[in-house]
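Everything below concerns the one structure shown next.
The values are calculated or read from the model by the stated rules, or taken from the named source; none is laboratory data. Note that the coordinates shown come from a computational prediction; the quantities given were computed from them, not determined experimentally. Cβ placement follows ideal geometry from the backbone for every residue including glycine, while neighbour counts extend to all protein chains displayed. All accessible areas refer to the heavy atoms of the entire protein, side chains included, with ligands and DNA or RNA removed. Shrake-Rupley method; radii C 1.70, N 1.55, O 1.52, S 1.80 Å.
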Amino acid sequence: MGNFENLSDQELIARTRNGSVDHFDELVNRHTIVVYRVARSITGAHEEAEDVVQESFLRAFSNLDKFDESKSTFRTWLLTIARNQSINIIGSFRRKALKFFSDRSDDEPEFEFSSNPLSQELPDAETQLSIKQQFQTMEKVLKKLPERQRTALLLRSQEGMSYDEISTIMNISVSSVESLIFRGRKKIIELVER
Amino acid sequence: MRHIDYQKHISLLLDGVLEKSSREELLSHLEECAECMHAYEKMVSLNETLEKIRPLLPDHSLAHKIKVRIAAEPQSTAAVWGGFSFLKQVPVWALIAILAVGIGDMAGKTLTEVMSAHDTSHNLENLIQDHGESLTDVVINFAQSENGQ
Ligand SMILES: [Zn+2]
């Protein structure tokens, strides 16, 4: 197993196309977390998200000849695949039937709270409680957002992606991304205030 | 502009994509509009909360599981036919004829069965996709895709 950390995604892809699977493994190392997060955010369930991540990488691998580096980055292309896979899962009849009998995925925690690493002082018990409540409210509220608003908003605020990249992943215009993010924010604020 | 339009601009401002002229217009509106100022404060605080929560990480074993499945996967189609690029010089009918002669009793068997029975090089085995299709299926698919070009 070589050390490919210094190679760009593009170089790794070129080497994979020439038959080196080890180079593709490095792409797996680099992008598994972000693909999981996006899949998790759309499906709302850990196991489904892990399935989506595996399928997305397999698809990317076997369709690597179709990837066009002049149109998008590998990450964007991979996330486009992952989003489509996730949407297929949540729209599937099997999933709907399972959801009808159990609501388990709605109870699964999706986020963890990360306190500011720069702040040295520990918050007092009262502040900690309020942070925890804030966190739980946010998690509940995020689950109530329509998928498109939620995905656009989380890609922006959690993954720091540009409107352009989000528009490619979601296959919509940049002005639709603007609207979705704005409506998502507005909806969250309404739900929290309610 | 309506309040709701200004509020949409607040969202763009937070993401750093609001144009300069619109930004100045928004800032002077915020000075005199309590409703939009309230929306601004709420959106700033929402952004801060969203930054504090992090999506959970996948299991450590996930990347490993993917690699195991990739290793078991046949190479991508580009790599497969890239390796046989000389075949593209041969007319499709000739290709079918050559393969048909050689196929004989192989028809209906999967590629792996054919390859292992005839002890072809391991490279070939790894290169050609085996989805349980018979060799004839693969040839026909290939011929069709060639014709389509
Ligand atoms: Zn206003």
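The residues in the stretch B:55-82 that are open to solvent by 50 Å² or more (accessible area, probe 1.4 Å), modelled with pLDDT under 85 and either farther than 16 Å from A:Arg59 by Cβ or more than 7 Å from every other protein chain (Cβ to nearest Cβ) (or both) can be counted, and the count is 1.
Is one or more of the residues making up the stretch A:147-162 among the basic types (Lys, Arg) and farther than 19 Å from A:Ile81 by Cα? Checked the stretch A:147-162: no residue is among the basic types (Lys, Arg) and farther than 19 Å from A:Ile81 by Cα. Selection within the stretch A:174-194: residues that are more than 9 Å from chain B (Cβ to nearest Cβ) and more than 15 Å from B:Leu12 (Cβ to Cβ). The member of this set that is nearest to the chain's Cα centre (by Cα) is A:Lys187. Take the conditions (1) more than 12 Å from every other protein chain (Cβ to nearest Cβ); (2) crowded, with 18+ Cβ neighbours inside 10 Å; A:Asn6 misses just one of them, which is (2). Of everything in the stretch B:13-22 that is away from the ligand (no atom under 15 Å from the Cβ) and not acidic (Asp, Glu), the residue that is nearest to A:Glu190 (Cα to Cα) is B:Leu14. Cβ-Cβ under 9 Å, sequence separation 6+ or interchain: first residue in the stretch B:22-43 and open to solvent by 80 Å² or more (accessible area, probe 1.4 Å), partner more than 9 Å from the ligand (Cβ to nearest atom) and part of a helix (DSSP H, G or I). Which pairs? So the pair list comes out as B:Arg23/B:His9; B:Arg23/B:Leu12; B:Arg23/B:Leu13; B:Glu25/B:His9; B:Leu27/B:Leu13. For the stretch A:152-172, taking the residues that are touching a helix residue (DSSP H, G or I) at 6+ places or on another chain (Cβ under 6 Å) and of a type in the set (S, T, N, Q), the one that is nearest to the other protein chains (Cβ to nearest Cβ) is identified as A:Ser157. Every listed requirement among (1) facing another protein chain (nearest Cβ under 7 Å); (2) open to solvent by 20 Å² or more (accessible area, probe 1.4 Å); (3) more than 33 Å from the chain's Cα centre (by Cα) is met by B:Lys52 save one, (3). Listed here are the helices (runs of 4 or more DSSP H) enclosed by the stretch A:17-104 that have at least 3 residues being surrounded by fewer than 19 Cβ atoms within 10 Å (Cβ to Cβ) and more than 7 Å from every other protein chain (Cβ to nearest Cβ): A:46-62, A:74-91, A:93-101.
The number of residues in the stretch B:32-46 being within 15 Å of the ligand (Cβ to nearest atom) and either at pLDDT below 95 or in contact with a helix residue (DSSP H, G or I) (Cβ under 8 Å, 6 or more places away or on another chain) (or both) comes to 8.
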